[in-house]
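Beneath this line is the structure, given in structure tokens, with notes to follow.
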Amino acid sequence: MSMIVTIRYSGKGNAAIDFAKEMVESGTLEKIRAEKGNLRYEYFVPLFDGSGNGEKTVLLIEQWENRAAIEAHQASHIGD
């Protein structure tokens, strides 16, 4: 059974969006997508952010074949 992880990034101004762009532009996104067991790794930006605090948010959706694939991914990025 596959597992889905959702992560919400937020920060002052465009910090979260800038982070997601850096992940794409640096090639990190494609490297993660190529990892064994990765089925999906995508960033989404809401059209309307109702937080009201001026922070922009980004949602990351990851899908992995199983828990072992998630754990291998996390272990490979500790300290990055």
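None of the figures in this text is laboratory data; all of them are computed from the coordinates on show. Keep in mind it's a predicted model, so treat the numbers as computed, not measured. Methodologically, a virtual Cβ is constructed for each residue, glycine included, from the backbone with ideal geometry; neighbour enumeration extends over all protein chains shown.
Measure nothing but the geometry: give the 0 to 90° angle between the long axis through the Cα atoms of 67-77 and the longest principal axis through the Cα atoms of the chain, rounded to 10°. Long axis of 67-77 versus the principal axis of the chain: about 70 degrees.
Computed from point charges on the beta carbon alone (+1 for Lys and Arg, -1 for Asp and Glu), the dipole magnitude for the chain about its Cα centre is near 120 Debye.
The residue list Val58, Gly37, Phe19 was ranked by how far each Cα lies along the charge dipole of the range 3-61 toward its positive end, using unit charges on Cβ atoms, and Gly37 comes out on top. Helix 15-25 and the longest principal axis of the C-alpha atoms of the chain enclose an angle of approximately 40°. Per-residue extension of 0.36 nm, minus the Cα-Cα distance of Ala72 and Lys21, leaves a gain of 16.0 nm for this segment.
Neighbours of Glu65, meaning other residues whose beta-carbon lies under 15 angstrom from its beta-carbon, give a summed charge of +1 when Lys and Arg score +1 and Asp and Glu score -1. Computed on the range 3-61, with alpha-carbon pairs under 8 angstrom and 6+ residues apart, the relative contact order is 54 percent. Would the range 3-61 count as rounded, prolate or oblate if I go by the C-alpha gyration tensor, calling it rounded below 1.5 in a/c and otherwise prolate when a/b exceeds b/c, oblate otherwise? Taking the square roots of the gyration eigenvalues as a ≥ b ≥ c, the range 3-61 is oblate.
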